[in-house]
Amino acid sequence: MTRLSDPGEHGGSVVANGNAAALTGALRPARLRARTRRRLTGLTMVAPMLVIVLAFLGWPLIWTLVLSLTNMTVTGPTATHYQFIGLANYRELFASGSGLVQSILLSLYYLGASAYIGQALFGFVLAYLMLRCTTTVRKVVGSIIIVCWLVPEIIAAWMWFAMLSNGGTLQQGLHAVGIPYQTWLVSHPMISVSVANSWRGVAFSFLLFSAALSDVPAELIDAAQVDGANAWQRLRSVIIPLLATTILVDFVLITLGTLNDFTLIFAMTGGGPGTSSNVLSVFMYQQAFVTFRLAYGTASAVVLLAIGAVFSFIYIRTLRRQGALNFAR
Amino acid sequence: MRKRIGVWARRAAIALVILWSLFPVYWALDTSLMTNAEAQSAPAHFLATQPIFSNYQALFGVGPEAPEAAGGIARSIVNIVVESGGAMLLTLVVAILGAYAFARLRFRLKNLFFYIVLGTLTLPVYATLIPLYRIMTQVGLVNTYLGIILVYASGFMPLAMWIMYNVFLALPPAIEEAAVIDGASMLQRFWKVALPISTPGIAATAIITFLLGWGQFIFPLVLSSTGSTQPLTVVLAALEGRHVVPYTIVNAAAIIAIAIPAVLVFLLNRWIVEGIIAGSVK
C-alpha cells in the first residue's frame, strides 16, 4: 500500500494485529491514547452514515425478507395477526399461472429493447459520432441529452403518455408518414415504454462511453489505419477491446437501473392493458397494493432483489479487479 | 467527396438527436404558453399563436384563472425544494465524513462497513417500500419533511459516499503529508487541507444528490398522504387526467419541474459529468 493512510500508523499496526493486550504496557500512555483516539475518530466519522443506511435501508430490507414468509395482507384479519407460512408465497410465485414468468420475460424485453439497444448501443453510436465534433457541439448535445435524463421520471412518463395516447402528437405524426392510426400505448405498450425509457436514459451510457472513447490514444487508431484497417475493423479490433471494462460497468449499471425501473411504466400503462406490460417491479406493486396481498408482494420483491444481487456482485467484482477498491485487502 | 458525405451524415444525425430529445419538452413548453382553448383545438399548433404567461401566473395564485388547486401546486414547489435541498445537505455532510474515514483512516471493521454501504448502491430500493411505510408510520415520520429527507438520504448515501471516496483517494497524498509534517492534527488535515481541495468533487456530489431528490416519485407518494409534504412530482401526477386544473396550467407546472434540472445542467455541466463518471467507473 503506497497510499498515505494514517501517518505513524504503520509502526503501530503490527502491534494492533498481534497480541495487543500483552503489549499495551510497553507503549507510553500518551501514544496509546492518540492511537485509540484515531481509531475512534474513524468509527465516529462513519457512524452517522451507517445509522442512516441501516435504519432506513437495512432494517426495511430485513423486514422484506421476513414478511415474504408470512401471510400478511393490507386489510382484513391477517393485516395485524399474520402468521409465518414458510415458503408458501414462493411456491405460489413459481407455480404456473402466477404471472411471474410472464413478468420476468417482459422485464427481459424491456432490458433488451430500452437498456441494451435504446441506451447502450444508441449511446455508444452517439458518443462515437461526436468524438470528432468540436467541444461546443459536444457540450450542447451532451447537455440536452442529460436534461432528458434528469427530467423527473414521472414528468417524462406524462409527456410520453401525452404524445402516444389517443390524439397524441406522435400518433398523428406517425399516421402522417403512413403508419396505421392506432393508440400506441394500447396496441404496443412495451414498445411505447421502451421508447420512452430510451429517450430518457441514453445520457448515462453516452457519458460513460464519451469519457472512455476520449481516453483511447489517437496514435493507436492512426496506427491501425496505417496498417490498412477500415473503420469497422478499427472499431472492432482496437476501440471495443480497450473499452471492455467500461462496457461491462455500463451494462451492469443500466441493467440494474432498468430492472428497478417502476415509475415510468407504472405511470404510462399501469402494467396494462391487461398484464401486457406487467414487468417485475409493477408486478410486485400490483400484488402488494392492488390485490392487497402485502406478503406475496414482498416475496416477488425478494425475487427481484436476488436478480439484482447477481448484477451488483458482478459490478463490485469488476471494480475490485480494476483496482478501484485497492485498499480493501 | 466521400468524406464530405460523412460529415453531412454526422451533422444530420446530430440534428436528429437534438430534435428527438427536445421535442417532448418543447411540446410541453408550447402548451404551457397557450390558452386552454388553443391547446385543445385540432389540428395541434406547433407554435403558440400568441404566447401567454397567465398559466405560470395562475400557478402562484395570480390572475382570474387561478384555480383552487393552484395553491397546492405552489405549496408542492416549496416542498420539493425543502425535501431535495434538505436531503442534499444531510447526505453531503454525512457522506463526506464517512468517505474521508474510509479513504484515509484505519479502524476496526472498516471493510465490512464499507461493503455494507457500497452494497446498497445497487439495491432496488423500492423493494424496501412496503416495510418502510409500516416502520415510518410506527415512528410517526409519515407526512413530515424529516421522514422524507431521512429516506432520501439513506437512498442517496451509497452513491454520494462512493463519489466522495473516489475524490479523496485521487487527492495527491503529498499535500496532506506536508500538512502532517507541519504538525496538523487529523481534524485540521481533513478540514483545512482535504476539504478545500476537494471542492469540485463536493459540488458534483451536491448537484447530483439534489437532482436525485428532485426526481423522486414513489417514495414521497407513499410517505406523504397530504399536500403538506407532497412534492411537485406527486402533486402533478395526481392532477393528470383529473381535469380539476386546466391542462395548460399542469403543463406550466411540468415545465417548472423540468426547468430546474435544465438550468443546473447548462450552468454546471462539467461538474455533473465528472461526478457521474466518478460515481460509476472510477
For B:Thr226, state whether it is hydroxyl-bearing (Ser, Thr, Tyr), on the phi < 0 side of the Ramachandran plot and assigned to a helix (DSSP H, G or I).
no
Take A:Pro180 and decide whether it is surrounded by fewer than 12 Cβ atoms within 10 Å (Cβ to Cβ), without any contact (Cβ under 8 Å) to a residue 24 or more places away in the chain and either in a helix (DSSP H, G or I) or of a type in the set (Val, Ile, Thr) (or both).
no
Condition first: more than 14 Å from B:Thr205 (Cα to Cα) and either facing chain A (nearest Cβ under 7 Å) or of a type in the set (A, V, I, L, M, F, W, C) (or both). Can you find one or more residues in region B:83-90 that meet it?
no
Out of region A:206-219, which residues are at pLDDT 85 or above and hydrophobic (A, V, I, L, M, F, W, C)?
A:Phe206, A:Leu207, A:Leu208, A:Phe209, A:Ala211, A:Ala212, A:Leu213, A:Val216
Is it the case that some residue within region B:189-198 is modelled with pLDDT of 85 or more, surrounded by fewer than 19 Cβ atoms within 10 Å (Cβ to Cβ) and either among the polar types (S, T, N, Q) or in contact with a Cys (Cβ under 9 Å, 6 or more places away or on another chain) (or both)?
no
Complete set of residues in region A:32-54 that are within 27 Å of A:Ser300 (Cβ to Cβ) and more than 7 Å from chain B (Cβ to nearest Cβ):
A:Leu54
Lone qualifier among A:Leu105, A:Leu121, A:Leu131 - being closer than 19 Å to A:Gln287 by Cβ, of a type outside the set (Phe, Trp, Tyr) and assigned to a helix (DSSP H, G or I):
A:Leu105
In region B:95-146, how many are surrounded by 23 or more Cβ atoms within 10 Å (Cβ to Cβ) and under 27 Å from A:Asp261 (Cβ atoms)?
9
Could you check, for region B:119-141, whether at least one of its residues is over 19 Å from A:Ile62 (Cα atoms), assigned to a loop (DSSP other than H, G, I, E, B), at pLDDT 90 or above and more than 8 Å from chain A (Cβ to nearest Cβ)?
yes
When you scan region A:82-92, do you find a residue that is over 20 Å from A:Phe262 (Cα atoms), away from every other protein chain (no Cβ under 14 Å) and without any contact (Cβ under 8 Å) to a residue 12 or more places away in the chain, even just one?
yes
Counting only residues that are in contact (Cβ under 8 Å) with a residue 12 or more places away in the chain and not aromatic (Phe, Trp, Tyr), region A:93-130 contains a total of 20
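The values are calculated or read from the model by the stated rules, or taken from the named source; none is laboratory data. Just so you know, these numbers come straight off a predicted model, no measurement behind them. Cβ: placed from backbone, ideal geometry, glycine included. Neighbour counts: every protein chain shown.
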